[in-house]
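Below: the structure, in structure tokens.
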Amino acid sequence: MFYTTTYESPVGPLEIRFSTKGIRRVLLPGREIVEDEALTPDGSSSVVDATVKQLNEYFGGRRERFALPLDLDGTEFQMLVWESLVSIAYGSTCTYASLAKKIGRPKAARPVGTANAANPIPIIIPCHRVIGADGSLTGYGGGSELLYIKEHLLNLEKANANN
């Protein structure tokens, strides 16, 4: 059984799905995922309370890292990529190629990009910090129509880094 709640963020409503283990997904505005598991609205969980508190702090420029229980489900390679995303410093960016090198797969920039796009918990697992080799912002949340969110998050972090 999975639970769901909505968080009204500065970039639009985020649907947060969680289990008894932790956060399972953060769906960006306009994104939908159909899962086999039943979803039940629940806004009273300690995980929800902690998530809302930390998201408020993040969007307020007062939180650089999240400390929340996660319930990740992915391939071994995806998990490796997602774990490495957390180590990208707040207010910093890296390229898909440099991330591939960091995980010991220097020729896997494209698969890293694919794993990055499949990140089920954006913002909390900061996939927005990965940019193109030429410094351009590339797809976010699996598509280019959400690049405004990536740009907003990077600008927020840049404005608040080292404060």
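The values are calculated or read from the model by the stated rules, or taken from the named source; none is laboratory data. Keep in mind that this is a model prediction, so the values were computed, not measured. Every residue, glycine among them, receives a Cβ derived from its backbone with ideal geometry; neighbour counts consider all protein chains shown. To get the accessible areas, we keep the full protein, side chains included, count just its heavy atoms, and leave off ligands, DNA and RNA. Shrake-Rupley method; radii C 1.70, N 1.55, O 1.52, S 1.80 Å.
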Specify which of the listed residues (Ser84, Ser98, Ser92) is modelled with pLDDT of 90 or more, assigned to a loop (DSSP other than H, G, I, E, B) and either open to solvent by less than 10 Å² (accessible area, probe 1.4 Å) or among the small types (Gly, Ala, Ser) (or both). Ser92
From the set of residues in segment 9-25 that are open to solvent by 10 Å² or more (accessible area, probe 1.4 Å) and part of a strand (DSSP E or B), which is nearest to Pro122 (Cα to Cα)? Arg25
Residues that are among the hydrophobic types (A, V, I, L, M, F, W, C), out of contact with any strand residue (DSSP E or B) (no Cβ under 9 Å at 6 or more places or on another chain) and surrounded by 13 or more Cβ atoms within 10 Å (Cβ to Cβ), drawn from segment 53-81: Phe77, Met79, Leu80, Val81
If we ask which residues in segment 144-163 are in contact (Cβ under 8 Å) with a residue 40 or more places away in the chain, of a type in the set (Asp, Glu) and open to solvent by 80 Å² or more (accessible area, probe 1.4 Å), their number turns out to be 1
Going by what's in this entry, would Gln54 be described as under 22 Å from Asn162 (Cβ atoms), outside any loop (DSSP other than H, G, I, E, B) and modelled with pLDDT of 95 or more? yes
Of residues in segment 113-138 being of a type in the set (A, V, I, L, M), over 24 Å from Ile16 (Cα atoms) and touching a residue at least 24 places away in the same chain (Cβ under 8 Å), the one most open to solvent (accessible area, probe 1.4 Å): Ala133
